[in-house]
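The values are calculated or read from the model by the stated rules, or taken from the named source; none is laboratory data. Keep in mind the model is a prediction, meaning the values are calculated, not measured. Positions of Cβ are generated from backbone atoms using ideal geometry, with glycine treated the same way; all protein chains shown enter the neighbour counts. Quick note on the areas: whole protein, heavy atoms, side chains included, nothing else; ligands and nucleic acids left out. Shrake-Rupley method; radii C 1.70, N 1.55, O 1.52, S 1.80 Å.
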Amino acid sequence: MPPTPPLRMRPEPVPVAVLISGGGSNRAAILAAARARGCPYRVAVVVSNRPEAGGLAHAAAAGVPVEVVDHRPFAGDRACHEREIEARLRAHGVELVVLAGYMRVLTPWLVERWAGRMLNIHPSLLPKYPGLDTHARAIAAGDAEAGCTVHVVTAGVDEGPVLDQARVPILPEDTAETLAARVLAAEHRLYPAALARVAADLRT
Ligand code: GRF
């Protein structure tokens, strides 16, 4: 009988922080995917700048630690607010940060601390339509397709290197709302998959 091969140590999943400001449907998709066996990441903490964010209760119900760092008491002092976020991320041993509907522009200070380790999803096919109202702009331009982009966060808003994109058709009867719903469904598939690839790369 051949000798039993030694058990290979499976590397631990990469601890991820998900930053939200609202309902966090991408946060939900990322959490759901983390439950799959062998997922290369785990959600170590969900952080919100809004105490009323619906995604907090869902995450807590799923047994995920949550942190609220309300920006309002900081009265516009972004640096101070971000230092507090940074402290919470480090306290949870985070190695990778994902923005999932986090509605504040980050300062270069926090972005640089997480250079190459902070991801965002944007609801357009970047470099088209950075910023707001992406779906209405795509329809107004007469585009045949829209989509979403996962990218590395850099100091420029929606400018970092693209990791992956998903495309959806724009239908003649589409409104910004119907298109947004189609794009969001694509986001929920794209973001966990892109995150898993980045986490798997970090482990090797
Ligand atoms: C998504 O469309 C995402 O692309 C954008 O903000 C929205 C967040 O949605 N950055 P949710 O909070 O994940 O539901």
For the range 21-159, max minus min Cα coordinate along each principal axis, in Å, sorted largest first?
-> 46, 40, 29
Sorted by average packing, counted as other Cβ atoms within 10 angstrom per residue and highest first, what order do 128-139, 21-32 take?
-> 21-32, 128-139
So, counting K/R as plus one and D/E as minus one, what does the shell of residues with Cβ under 11 Å around E95 add up to?
-> +3
Dipole magnitude of the chain, debye to nearest 20 (Cβ charges: Lys/Arg +1, Asp/Glu -1, about Cα centre) | 800
Determine the dipole magnitude for the range 111-158: charges of +1 sit on the beta-carbon of Lys and Arg, -1 on that of Asp and Glu, nothing else is charged, the reference point is the Cα centre, and the result goes in debye to the nearest 20.
-> 180
When the helices in the chain are scored as -39500 (n - 2.57) per DSSP H run of 4 or longer and the sum is shared across all residues, what 222 nm value do you end up with, to the nearest 500 deg cm²/dmol?
-> -11000 deg cm²/dmol
Out of A62, A193, A166, any idea which swings most in a Gaussian network model of the chain, alpha carbons joined below 10 Å?
-> A62
Which far-off residues, 5 or more places away or on another chain, put their amide H under 5 Å from the one on V14, with H placed in the peptide plane?
-> Y41, R42
Highest-first arrangement of 66-73, 98-105, where packing means the average Cβ count within 10 Å | 98-105, 66-73
Hey, got the dipole for the range 124-189? About the Cα centre, +1 on K and R Cβ, -1 on D and E Cβ, debye to the nearest 20?
-> 120
Just the accessible area per residue of the range 147-204, please: how many Å² with a 1.4 Å probe?
-> 49
Dipole check, the chain, charges on Cβ (K,R +1; D,E -1), about Cα centroid: among I85, L132, L184 the Cα furthest to the positive pole belongs to I85
What net charge do the residues around A62 carry, taking every other residue with its C-beta under 13 Å from that of A62, with Lys and Arg at +1 and Asp and Glu at -1?
-> +3
With Cα springs under 10 Å, the Gaussian network model of the chain assigns the largest mean-square fluctuation among R189, R113, R167 to R113
